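Input: a single structure, listed below in structure tokens.
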Amino acid sequence: MDSPWEESAEENTARDAEWTKISSEFTNAGYREGITAGKEGALQEGFDAGFAQVGAPIGHQLGFLRGLASGLNSYLKSAKPQGGADDNERLVAEIRQITSNLSDIRFSDIMPPDLEAEEHARQHLVQEGEAMDESEEIAEKKNVERIEDMFASLSAGANPDRLTRPTTQDLHRLSQQLKSICTRLNFNIETWEH
Amino acid sequence: MADQFDLESLVTLEQTFYDQGYEDGHAHGRIHGLIEGRALGREKGFEMWEELGFYQGFATMWRSIYIAQNRQDERALHHIKHLLDLISQFPKVNPSTAPTTTVEIGGATTEVDIEKLFRQIRSRYKALCSTLGVRPSLRAADGSAIAAEELAASSTAAPSGGVRRTGGGDDSGMAAISMGVDVEMGGDGSAAGTAGPPKIWSLDSM
């Protein structure tokens with residue numbers, strides 16, 4: 001039985017669909033523009049924060065310790081043994097070990113996690129089932145580190161220590177080792193924390 | 001009259017949808033900009049200050065050795081003092097956007113000063129090394145390169161003459177680093193690693 005309303009209902013549905021399509025087109029267009037503008041507007045702010053709050057202080061601390069070790073190393077190699085020759089040799093070996101351990105530490109081993117980034121990546125994963133993209137530079141660095149880890153694990157038979165990455169505790173321990181050597185030698189480093 | 005009214009309201013509505021989308025997109029884009037910017041800034045800050053910290057540690061160690069042994073080598077102490085002084089002038093915040101750095105360091109533009117300062121620090125470090133008769137360590141951003149360098153240095157006896165590396169090689173490294181600073185720290189956001197259309201967000205899945 002034909003109702004005069006039926007056709008009109010269909011028309012309404014069609015119109016609604018058209019309307020939804022138009023509205024989402026405009027919403028999406030706005031979204032696309034907005035996301036680009038929002039990102040570009042915030043990159044510098046993020047960069048400055050990451051530079052000043054995390055990268056610079058951690059780099060400074062690690063670099064400082066590496067520099068101390070390098071200076072001590074170069075001194076011991078050029079200096080005439082003060083104690084016995086054995087003592088000096090042991091000291092040189094100790095410094096060399098510290099230097100090598102300090103060199104093994106990567107920024108990614110000791111930087112604090114970016115919790116906001118992790119949380120946001122989780123949201124992307126939940127909502128879209130895919131991981132958030134990284135900047136090419138960072139992604140490439142992680143790749144290089146992965147390959148390094150692979151090689152390390154291949155040659156790990158000789159040195160199982162290489163299988164686990166160093167931590168901030170290791171950094172602290174190396175710092176303490178350096179400190180005690182300096183104390184033993186009467187070399188006074190005024191400031192250890194940077 | 002009625003038609004005109006409809007048309008106007010339609011245009012307004014389209015704008016409203018667009019604005020709504022823009023606002024949502026902008027908020028989401030901002031999150032991504034901050035995250036990506038932070039990741040890049042962390043790397044750059046680490047890279048620069050790891051190198052500066054190394055020179056500082058090296059100079060600090062030698063100064064303490066000289067003090068402990070009461071040695072009076074004026075040339076070495078002079079280099080140490082100037083090296084530490086130069087490093088203390090280096091900004092700990094992104095040099096290109098911190099307005100205070102221009103005042104602190106004094107000079108034409110901040111970026112030029114930072115490059116110049118970095119160059120001065122590097123050559124002062126090398127001068128110190130050659131005075132001490134120590135082979136300078138090549139500082140690279142990449143930790144593995146440093147490891148290789150350190151190990152190579154420690155496995156061979158230090159040549160008494162010291163400086164083996166030519167200045168040219170180091171300077172090109174310097175140029176690469178300061179260029180990286182220009183590109184990434186430039187105030188112009190479009191230069192900061194977002195060449196081409198952003199691929200981070202997929203609209204169809206939103």
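The values are calculated or read from the model by the stated rules, or taken from the named source; none is laboratory data. Remember, it's a predicted structure, so these values are computed and weren't measured experimentally. Cβ atoms come from the backbone with ideal geometry, glycine included; neighbour counts cover every protein chain shown. Protein only, heavy atoms only, side chains kept; ligands, DNA and RNA dropped before computing areas. Shrake-Rupley method; radii C 1.70, N 1.55, O 1.52, S 1.80 Å.
Annotations
- A:Thr36 without any contact (Cβ under 8 Å) to a residue 24 or more places away in the chain, part of a helix (DSSP H, G or I) and in contact with a Pro (Cβ under 7 Å, 6 or more places away or on another chain): yes
- Hits in region A:61-84 - residues which are open to solvent by less than 10 Å² (accessible area, probe 1.4 Å) and in contact (Cβ under 8 Å) with a residue 40 or more places away in the chain: A:Leu62, A:Phe64, A:Leu65, A:Leu68, A:Ala69, A:Leu72
- Any hit, region A:52-75, residues being at negative phi and more than 9 Å from every other protein chain (Cβ to nearest Cβ): no
- Residue match in region A:96-104 (condition: facing chain B (nearest Cβ under 7 Å), within 16 Å of the chain's Cα centre (by Cα) and open to solvent by 30 Å² or more (accessible area, probe 1.4 Å)): yes
- In region B:43-66, the residue that is nearest to B:Gln89 (Cα to Cα) out of those that are at the interface with chain A (Cβ under 7 Å from one of its Cβ atoms) and open to solvent by 20 Å² or more (accessible area, probe 1.4 Å) is B:Gln56.
- Residue match in region B:17-30 (condition: at pLDDT 95 or above, in contact with a helix residue (DSSP H, G or I) (Cβ under 7 Å, 6 or more places away or on another chain) and more than 12 Å from chain A (Cβ to nearest Cβ)): no
- Spans of helices (runs of 4 or more DSSP H) in region A:93-194 with at least 3 residues among the aliphatic types (A, V, I, L, M) and without any contact (Cβ under 8 Å) to a residue 24 or more places away in the chain: A:115-128, A:136-154
- From A:Glu128, A:Glu148, A:Glu116, A:Glu134, residue being facing another protein chain (nearest Cβ under 10 Å), open to solvent by 80 Å² or more (accessible area, probe 1.4 Å) and modelled with pLDDT under 90: A:Glu134
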